[in-house]
Amino acid sequence: MAIMEAQRLDGLADGVPAGVEPRLALAGALLCAGAVGLATAGAPGDASFGRGLLELLIVGVPIAAGLYALRAPVKGGERSRSARERRPRPSNDVPLVVRR
């Protein structure tokens with residue numbers, strides 16, 4: 001199936017049920033704190049702050065982006081329709097694959 005012919009699957013862009021997002025945020029924060037703790041504990045004394053900060057960014061930024069994406073409204077329908085209308089449609093007169 002071509003990308004421009006893809007259809008939205010039921011239940012994917014409907015958001016998350018109420019009460020799930022705070023639990024995901026708490027689990028992400030605990031995971032992030034644990035990763036930072038392990039990184040700082042395993043680093044030499046003079047590099048522990050830098051390693052902890054790096055681990056915070058490596059683990060925390062994707063978690064924060066995912067939580068933001070859960071809250072953002074889905075507006076892909078209007079955008080994909082307008083992009084689809086701008087694309088030239090292939091003509092049925094020209095075969096895409098010539099078989100012999």
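The values are calculated or read from the model by the stated rules, or taken from the named source; none is laboratory data. Computed from a prediction, not measured in an experiment: that's the story for all the values here. Every residue, glycine as well, gets a Cβ built from its backbone with ideal geometry; the counts of neighbours run over all protein chains shown.
Do you know which of the residues in segment 45-76 that are surrounded by fewer than 11 Cβ atoms within 10 Å (Cβ to Cβ) and farther than 27 Å from L24 by Cα is modelled with the highest pLDDT? So, considering only residues that are surrounded by fewer than 11 Cβ atoms within 10 Å (Cβ to Cβ) and farther than 27 Å from L24 by Cα, the one modelled with the highest pLDDT is D46.
Could you please let me know if R84 is charged (D, E, K, R), exposed (fewer than 10 other Cβ atoms within 10 Å of the Cβ) and modelled with pLDDT under 95? So R84 fails the test.
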